[in-house]
1. Write down the radius of gyration of the range B:8-324 and its Dmax, each obtained from C-alpha positions, in Å.
2. In whole percent, what relative contact order does the range B:203-263 give with Cα contacts below 8 Å and a gap of six or more residues?
3. Starting from the Cα of A:K940, draw a straight line to each of the aspartates and glutamates and keep only those under 16 Å, dropping any in the same chain fewer than 8 residues away.
4. Compute the signed sum of charges (Lys and Arg +1, Asp and Glu -1) over the other residues within less than 10 Å, Cβ to Cβ, of A:A692.
5. Quickly work out the B:Q399-to-A:E447 label distance, labels modelled 7 Å from Cα along the C-beta direction, and quote it in nm with one decimal.
6. Which whole-Hz ³J(HN,Hα) couplings does the range A:282-289 yield from phi under the Karplus relation 6.51 cos²θ - 1.76 cosθ + 1.60, θ = phi - 60°, glycine and proline marked x?
7. Please list the non-local residues whose amide H lies under 5 Å from the amide H of A:V610, H modeled 1.01 Å from N, same-chain partners needing a gap of 5 or more.
8. Please list, in chain and number order, the residues 5+ apart from B:W223 or on another chain whose amide H is under 5 Å from its amide H, with Hs placed from the backbone.
Amino acid sequence: MKKTILYLFILISALNISAQTTVISGIVNDKVGPLPGVAVSVQNTTKGITTNVEGRFQLSGLTISDSLIQFSMIGYEIKTVSIKGRSGQLNLGVIILEEKKNGYQLDGVDIVAEMAEGEAKAIDMTRLSPRQMNVISASTAMKLPDRNVAEAVQRIPGVVLERDQGEGRFISFRGTPSDWSSATVNGDRLPAADEESRTRAINFDILPTNLVEYTAVSKTLTPDIEGDAIGGSANFLTRFPVSERTLQFSLGGGMNFQAQAPVGNGSFLYGDISKSKKWSFVTGASFYSRNWATDNYQIFYGGNLNHALTRLELRDYKGVRNTLGSNFAVQFKPSEKWRFHVKAIQGGMDDNEWNRKIMYNWSTGVGQSIKLQNIHNILSNRFYGGEAGIQFNPKTHKTLQFKIASYQNEFRYGAVPFKGKKDARNGYYVLEFEKALQFTDFLYLDENGQQTDELNAYERFKFLDIDSPVEGYGDPYTNIQPTYKNNVPVSPSDTMFIFTRAYTETNQTRERDPIVLQLDWSDKRAKMVNYKTGLKFRNKEGFRNVGLEVWERNPAFPKPLIYNNYNPQTLDENGGFLEELGTPYSGKMFPFFDKDVVDNFIEDRGDTLVYRPFGVNTPYYNQFIGSSYAYTENVLAGYFMTDVFLTPSFSFNVGIRSELTQVEVRADSVVEDLVNFTRYLVPTSSGRNYWAILPMLNFKIKSGKNSQFRGAITRSFRRPNFNEMKPGTAAIDYTNFDVVFGNTLLRPSFAWNADVMFEKYINQNGLISLGGFYKYVTDHIYTAFESSSADNNGISNEFQIPGGVIAKKYQNAPYANIAGLEANLSFKFNFLPGNWKHFGLTANYSYTWSELKIESRDKLQALPRQSPNVANLAVFYDAPKFTIRFAGNYKDPFLYELNLYAVEDPKTGKPIVVHQDNSYDMYVGRMFSLDASATWSFSKRFSLTAEANNLTNTPYVVYRGRPERPVKTEYYSIRALIGLRFTL
Amino acid sequence: MKSPLFFLSLAAALFSAQLEAQNEKKVMFIGIDGLRYDALVEANTPIIDSLKNVGLYTNDSWHLGITMSGPSWSSMLTGVWENKHLVTNNSYTNANYTNYPYFPKRAKECRPDLKCVQIITWNPMDDASNGTGGYVYNSGWDYSLDVGTHGQGLVTSAALTQMLDAELDVLFLHYDEVDVAGHANGFSPTVPTYMNAIEGVDQEIGQVMNGLRSRSNYANEDWLILLTTDHGGIGLGHGGNTNNERHIWWIASGPSVPNAEITGPDPGSYQLTGVNPVTLDNTPVLTDIAVTALDHLLDDNCNPETNATWNLDGKSWLDEGAYVEDKKDGFRFEVYPNPSQGKFTAVFESVKQDAAYSVYDQAGKMVMMGRASSPLMENNRIFFDLTGLEKGLYTIQIQNDGKSFSRRLIINQ
């Protein structure tokens, strides 16, 4: 490899010497901002180039004295610039292209078909990129009913969305695990801080779509972008400073049908440029406030040896989400050689969530009971950051860029149940009441598996009909009706719900990249060979602190706190709880408290409750200590790459990136002092340095006037998540009866990726592409059983999972193979007569096959979180005055999590994994969603927009082994919004 | 001096122990949460078996209350039923420990210097004064340690630490993980993790016993070791009414304890309704644990069974007059359902041929005899049809393969 680079150096040097000719450069803008993909050609020659993402171009190697330079772009008038013969360098400055007058004149106003324009831009960027990349422009994204950037990128082939309460949150490329992918803002990988997820994947729902100028999704990497992206990389370029005064704003209002409550949004964008053209800026903000609601039921299958039900939960969620994002960018360009910029972005979401839970416990925990939980919490995410940069062009073809950036992402709970915002006791607040009783819907079996009566039962189960060994027993999964009788009332409380406890799960999670430094140097002197090299340093620090604050009945007051004494109210079911299933629980829902009763319950009870602050005596103390950690990470990366245009139809990009990672994770071990009856923490830490050496090759063969073939062989990696390599106590999950240790010796996963793609551009308005990919991944990280009970610092961890299953530990899987096919079609019927020419469609489809070798299963597994067939289809009508679009999104069921339940072999002491097949594994169910959006531009400045999401009301389903055995079923219903948009 | 203990038996005379009068009486009570009796029989538990082999034990202890941990442990540790201690759930609301305290509190009324310690893994059982989420008060523990979710290994470690204390008189240990394993994957002899958990706790008890025997003054101490479970389990839970939840076991072992098995019919159904008082007097139940412990700890001036202020429900199995039906003979032998309307099944470890049986009423008069109907050799079961006898308490004696077995039966029509 070194020899290749050396050879390239020589080649570049040689070309530099010979290229002493005219160089023409400049920037092409439209009235909104830089215009990528504009064809820049020299008339009467074959020379030509296109503008880059920033609208810049550079033509070199011209030898003719006088020429006409032509700028052309779909949707814009062609512009021609005449230059006088001279040698050396010529900077044409900013060239403004006028939007094409399509001939549609309504009320004297010219309407430009924005759809075509935006998508054409995106298509051009896709075509010109050295890597396999898809681009969504702001104007395209604004057309879609996608409020956050995750939802916008799901329109790209092979992108799969992981949703939370119906809104996109994490993205995955080609169905690979979401934390295999990288998300960057202006090229910097963002810090991640999420309530639940401990991965490096950012929660996209905090970033509103309209703060972003372009979203570029790269499925193959080049050395100049961050290499920890096995799945792919999404880069969000925030809004560029404008080249003329710009003002846009929009307001919208609508309805969420599940919540039966309003939805509203608004945004503005304002930018201007100074008279001298030296200063320019843009600023924007966006808010989106929506009431949401979901009807959810969850079934808990307690056993790993059969599918007996232990619990049914009916969950009624209602909430209000407020997303507020803003950004600012300013540029100072004193001369063509110097350019300074500052960019800042901020995004945040508050989710004020109410959850009323009815839990039928056939056999969870301590006995048969029904629990009622009034749950309230405010989930608060805040992201902000920015960068300052300098660009220096000592010569037009040479660019030196330097920037310094800083980002922070934080999750915390809002002021519930205590009013003080800084009150550390606030968290996920649960107020719980319980009633012990006897269920009467069990199946009783004798020793031979025959049905028998209660008294003589050898086994007792609650089964769904499909799992019942006895014909005629069992509820269908869509209508589980628990039946029970009250306990004989020994004391008055036994027929009533009584207070068990109130608690808050506290969580503060923050990750900061205080300093990110980047230096890039590129030389595009020659048309045949360009090179680019750079260095990047990133410092990261973060922590996750979780705890449990508990309020219990004060033992000094033995009287029960009875549910009905606090005035519970009939639950507002918003048109019927689970009406999609025929409201099976109509009239059977228990009443719940008013919001004030819930929020004030602890304070109103005074001494009747006793506060158990988080500490060594907290139940599940180990679990919280094992889930809390802090870390620092430094990454130093360097790269060199070169673009070689070997022949007019063959070019390639080759280079290498190396990243050195230095990581330290700190966590605590719990030590028991049995002499003094105390328990204390010992801080532990572990560090690790590792290299990633990532050679990459992308090539492009122009196979015809409008078609090209691309290929790439690249190496990429995935850093272990911090929780996966933490020392100290294990995270104990009592729901799954797991103890999971971090592994301080965990290696990063590496992948060799091979990608091919054939692209054909049709009539400048269409694109058809076919591609395939293959990944060979070593050291994929998963959890496997660990027989040692000592924790990572050698402090003996006495906790052993009952029954001899000891603990799990993050491990590296030997290998995984992933292969897939992709097809993409984007087309506008503009050759058809009349109004038909406004119709168009975009469609994409990807199929992915995968296999994963893990030691605990004999056979190869599908890679978890990997959907085999994913498809998008959008049909649109895009006339100047009116556009309407229907978009469908389909995703196959996919394996989500393996059940690696193991039993200790008494002979060998080794864990034996019980389930070798997939019948106990978790799957995410089939999804098909349909959205619609329309825009009516009724005057020059105003347009009316309408959108409706989730028209199919597809539930989010997680199931165990087969769809008839659901674990989680969640309905979001339809969300609709009507808005007004103003553009100056 | 000869022990005052003397056991009547239909089958055989009993071991009786020699004791030095000055030996200090002490109690170690080990509670294993949720250990179903048939699983204990099938599990490989050499330590528990060794305690059983020299001790007094029963596989026929019947739970008469709510088969949940809070009510169950309260009945065992107070010696009264739910209608007195009022603990009917795991939130311990309305608990009346004021009038019906834990047995160490009662024991201290007679022996104020007793040192009593509990080590538990389920925090509602902790003493409320500890501020760790426990609801129990008036318990009489000098120390109450909740090792919480840190596992049963810590119970053992903490117990071994306590063993070093020469002053220790009463130690209660609570092992919770068999119950957790049952909830996780099933309370059943067919569930490997449940059986593994039972075998695991057996090893823990082995360590505790080693610690006990290593006490410096062990030779001069008279430890009563009580080992029991609070309830059984079925499927993935308990709290219900099946025999597998209510039918529990316990073992008493120590120098003062004879070697015998106690059997008995079910004195009544769930939650104290329909209890046959005669049967209740003759069958081992939960409330007997505290009373047996008190009987061991206290001299005759503080008889737990007759103290009207204490008003305890249980009975001591260390009393003269408490009776045991047959000697421990190494055979597994069960009769079910019991009570029944007259049709019974007896299960043996092995059946050689048809069995002869005779049935005696409460006065000892033989009321029926015959040969049992064709035994199912493969299942080692013999069926008896006693329909036609009046309802009441009977004793059935079965001869098979040269051995004789007796059981008390209830016929209810």
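1. 17.8, 52
2. Values: 50 pairs, mean separation 20.3, N = 61.
In percent, rounded to a whole number, it is 33.
3. Filter leaves A:E99, A:D107, A:D110, A:E114.
4. Numbers: positive: A:R657, A:R715, A:R718, A:R719; negative: A:D228, A:E659.
Residues near A:A692 contribute +2 overall.
5. 2.7
6. Ordered by residue, 3J(HN,Hα) equals 8, 9, x, 8, 8, 10, 8, 10 Hz.
7. Counting only residues 5 or more places away or on other chains, the set is A:E552, A:R553, A:N554.
8. B:K26
Every read-out reported here was derived from the displayed coordinates using simple, explicitly stated rules and does not represent laboratory data. From a predicted model like this one, the values you see are computed outputs, not experimental measurements. Backbone-built Cβ (ideal geometry, glycine too); neighbour counts: all protein chains shown.
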